[in-house]
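What follows is a short report on a single structure.
Readers should treat all values here as calculations from the given coordinates under stated rules, not as data from a laboratory. Being a predicted model, the structure only gives us computed values, none of them experimental. Glycine gets a Cβ as well: all are built from the backbone with ideal geometry, and neighbour counts include every protein chain shown.
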Amino acid sequence: AQSVTQLGSHVSVSEGALVLLRCNYSSSVPPYLFWYVQYPNQGLQLLLKYTTGATLVKGINGFEAEFKKSETSFHLTKPSAHMSDAAEYFCAAYSGGGADGLTFGKGTHLIIQP
Amino acid sequence: DTGVSQDPRHKITKRGQNVTFRCDPISEHNRLYWYRQTLGQGPEFLTYFQNEAQLEKSRLLSDRFSAERPKGSFSTLEIQRTEQGDSAMYLCASRLTGGEQYFGPGTRLTVT
């Protein structure tokens, strides 16, 4: 079964600093991978996705992620954090094969220090 | 494109009561999903529909839970004989085959 692990339930960075949120997946078949953001009392918004092709994926709001098969990782980065980036971030995987629901990690709460 | 909508946004109920939530997907989306999210956790898949057919159910979906999508448009999720452990955010998502899932704002259920 697919599983997704997010390292660090809370990450704190200073405004303007690099953001790095970690995600590892477990699967014998390279999955489709996603990063979602959730603001308080709201649903999830897709930041970016990896399906096939280029392993460096660019998303909205300046975020990007790199799929590394050898490390089974899909870490999310942003060069310069902004106060508005403070939110909950979820990594998710979909491996197809008849199992159509997304498997989510537990989430990482990103805190931006002024 | 008005997005995925869910109703109600908040529901407080007493243990043992039945509750029903509604989800209206993006109009042309043929697939509809229900997830449950408890505090401090990521969403957990419950079930999904392709048009009106319910194609997959998680083991989390006990026999107290039932979902329908009668005409392949909106969907309802009913919980019978609610328990305190059912308190959670219930999220609905929809997509076209091959596309990404778009999530609604969720219904927050509190069972007292």
Comparing A:A93, A:A54, A:A81 in a Gaussian network model of chain A (Cα, 10 Å), the one with the largest mean-square fluctuation is A:A54
Note: the protein assembly as shown, point scatterers on Cα, Debye, no solvent; log10 I/I(0) at q = 0.09, 0.12, 0.15, 0.16 Å⁻¹ equals -0.37, -0.65, -1.00, -1.12
If one builds a Gaussian network model of chain A from Cα atoms under 10 Å apart, the most fluctuating residue listed among A:G53, A:G101, A:G16 is A:G53
Partner aspartates and glutamates whose C-alpha sits under 12 Å from that of A:K49, ignoring same-chain residues fewer than 8 away, are A:E64, A:E66, B:E100
Karplus-derived 3J(HN,Hα) from phi for the stretch B:80-85 (6.51 cos²θ - 1.76 cosθ + 1.60, θ = phi - 60°), whole Hz, x at Gly and Pro, runs 9, 6, 4, 10, 4, x
Checking A:Y25, A:Y39, A:Y50 against a Gaussian network model of chain A (alpha-carbon springs below 10 Å), the top fluctuating residue turns out to be A:Y39
Cα-based Rg then Dmax for the stretch B:9-72, in Å, read 12.9, 37
Using alpha carbon centers only, the stretch B:47-72 is separated from the stretch A:39-114 by a whole-angstrom value of 27
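Given the protein assembly as shown, what percent of its DSSP beta bridges are antiparallel, to the nearest 5?
Percentage antiparallel, nearest 5: 90.
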At 20 °C and 1.002 mPa s, the Stokes-Einstein diffusion coefficient in µm²/s for chain B, with hydrodynamic radius from the Kirkwood sum on alpha carbon pairs, is 154
Inverse of <1/r> over all distinct C-alpha pairs of chain A, i.e. the Kirkwood Rh in Å, gives 14.2
Taking a crude spin-label model, label points 7 Å out from Cα along the C-beta direction, the A:N41 to B:L39 distance in nm is 1.6
Of all C-alpha pairs within the stretch A:37-83, those more than 18 angstrom apart amount in percent to 36
